[in-house]
Every structure is written in C-alpha cells, then in structure tokens.
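Working notes, beginning with the structure itself.
The values are calculated or read from the model by the stated rules, or taken from the named source; none is laboratory data. If you're wondering where the values come from, they're calculated on a predicted model, not measured in any experiment. Note that we place each Cβ from the backbone using ideal geometry, even for glycine, and neighbour counts take in every protein chain shown. In case anyone asks, the SASA skips ligands and DNA or RNA and just uses the protein heavy atoms, side chains included. Shrake-Rupley method; radii C 1.70, N 1.55, O 1.52, S 1.80 Å.
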Amino acid sequence: MGKFRRAALWVLGILSALGLVWFIGPIHWNVLNIGNISGIAVCLLILACVLLSGRINALCGKNRAVKKLKTAVLVLFCAGLLWTAALTGLMVSGAASAPPETATVLVLGSKVSGNVPSADLRERIEAAANYLNAHPAAACVACGGRGRGENRTEAEVIREGLVSRGVGASRVFLEDRSTSTQENISNAQKIIGQNGLNRGLAIVTDEYHEYRACSIARGLGASAWAVPAHTPWYIFSACWARELLALSAYLLLP
C-alpha cells in the first residue's frame, strides 16, 4: 500500500506540474482570464497537498477533525473530476450538428485588441467565411459590442474580416451592442426579425462554446445548429477552463 501511495503521489504531482504549465502558457499570448487563473490555483493547491502529504497524514493520525477534512477534500476532488468530465462531454457533443443551408449565420463576438481580432475570433471569422462562401444564399449577423481596450466593436471587426475573405458586405448585418452570449443571441434575433431573415441559426463560435450557445438560443425559442471554429491550441486551456465555470453557472444557477 505504501508503494502504491507513493506512486500515486508522484503521478499526481507530475500531472499538477504539467497542468500548471498548461494554464500558465496562454499568458504568453496575453490571455489571462478567470479560466486559467482558476486552473493555476487548483494546480498549485494539488501540488502543495502532494508536497505536504507526509505532514497531512501525520496530523490525520493525531486529529480526527483533520482526517475528516482530508476525506471531504478527497470526495470533493473526485466529484470535481467527474463534473469536469461530464461538462467536457457536453462541450464535445454541442459541436456535432449540421445546420440547413438556409439558416442565418450568427458569428459570436470575442475580444479585440485595439483593432486586431484575438486568436479565437480570427478562427471564428475564418469558419464563418468558409461556411458563407459555401452557402451563398445564407445571411449573417456579426455579434459583439465594444469593450475595454477595443477601438471598434467586435461586430465591425468580424464584418471586415468576412468581407476580406470574399463575403459580400450586404449579407452581413451588425449586432454591435452586446457584451455576453445571451445578449449576442437575443439582440441578433431582433435584427433577424426586423430584416425578415431565416430564424434558424447556424451559430459560429469555438467548439467548446457551442453547447452553451446553442442551448441559450433554443431557450430563446430559436432552432440552432453548430458551425464550430477551431480553438488555437496555445490558448485552449484558458478558454476551456473559463467555459467550465460559465457552463456550470448556466446549468446550476437560475
């Protein structure tokens, strides 16, 4: 049992160290959000528990309350792993759907640095352009307002990117007031109604984000399908962890 425990601690320590590097990595590309901050904190906590496991076990032998606390922490840790796996499964399933050719394309916004789209927004623009060029009858709503550090609205940057990739400007409508996924979709529905566009939505966003985005759209009464954009590998950890928190709040909070 002692050898198994030591081996398990070594594996856990190595995994937490690798996780720490994984979550720190996006900072190099100027991505620091609640996702990778939370990931860094969890990895540091696990690493500290591994390094201090001897002292913790010694305290457990002397203090029953400490032993109960250790058991509770282990139970929460295992529950957290299961919850993370379940949410990740939902994210994967949400990216697997094929919209009809007549659906209106919704490109959800993401950060713009000055006038430059972020790495994940560039991927969304690319995915939307590929879809729109393959479906010339489809109209598009570019979503996203102007946030801190942005010289233009995200919607304007998306439209510019689409036009530069061969999409006619007349096909792209702007929803340039929103600051969240819920607002993106709700405001876009108003524009769709005002312009007589197809109310079925082909939602373009990162793969990990499709499940929540399509669920929100369906909750607002729309038919919705996924047109997933590939998330750049070097910022994936921050984006994925942030979505874990956002999806948890969406599912658990009223």
Practice problem: Being farther than 17 Å from GLY168 by Cα and open to solvent by 20 Å² or more (accessible area, probe 1.4 Å) is the filter; apply it to the range 121-137 and report the residue that is farthest from the chain's Cα centre (by Cα). | Solution: ARG122
Quiz item: Which residue, of GLY39, GLY35, GLY25, is under 27 Å from THR205 (Cα atoms), in contact (Cβ under 8 Å) with a residue 60 or more places away in the chain and touching a Gly at 6+ places or on another chain (Cβ under 8 Å)?
Solution: GLY39
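Yes/no per residue for (1) open to solvent by 70 Å² or more (accessible area, probe 1.4 Å); (2) among the small types (Gly, Ala, Ser); (3) in contact with a Cys (Cβ under 9 Å, 6 or more places away or on another chain):
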| residue | (1), (2), (3) |
| --- | --- |
| PHE23 | no, no, yes |
| PRO26 | no, no, yes |
| LEU59 | yes, no, no |
| GLY80 | no, yes, no |
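Per-residue answers, yes or no, for (1) open to solvent by 10 Å² or more (accessible area, probe 1.4 Å); (2) in contact with a Lys or Arg (Cβ under 7 Å, 6 or more places away or on another chain); (3) charged (D, E, K, R):
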{"site": "ASN187", "(1), (2), (3)": "yes, yes, no"}
{"site": "LEU197", "(1), (2), (3)": "yes, no, no"}
{"site": "LEU201", "(1), (2), (3)": "no, no, no"}
{"site": "TYR208", "(1), (2), (3)": "yes, no, no"}
{"site": "ARG212", "(1), (2), (3)": "yes, no, yes"}
{"site": "THR231", "(1), (2), (3)": "no, no, no"}
{"site": "PHE236", "(1), (2), (3)": "yes, no, no"}
Practice problem: Scan VAL66, VAL50, VAL42, VAL31 and give me the residue that is on the phi < 0 side of the Ramachandran plot, surrounded by 14 or more Cβ atoms within 10 Å (Cβ to Cβ) and outside any helix (DSSP H, G or I). | Solution: VAL31
Practice problem: Would you be able to tell me the number of residues in the range 94-147 that are more than 18 Å from TRP29 (Cβ to Cβ), outside any loop (DSSP other than H, G, I, E, B) and in contact (Cβ under 8 Å) with a residue 40 or more places away in the chain? | Solution: 10
Exercise. Being in contact (Cβ under 8 Å) with a residue 24 or more places away in the chain and in contact with a strand residue (DSSP E or B) (Cβ under 8 Å, 6 or more places away or on another chain) is the filter here, so list the residues in the range 154-175 that pass it.
Key: GLU154, ALA155, VAL157, ILE158, GLY161, LEU162, VAL167, ARG171, VAL172, PHE173, LEU174, GLU175
Quiz item: Considering SER118, SER93, SER110, which residue is open to solvent by 30 Å² or more (accessible area, probe 1.4 Å) and at negative phi?
Solution: SER93
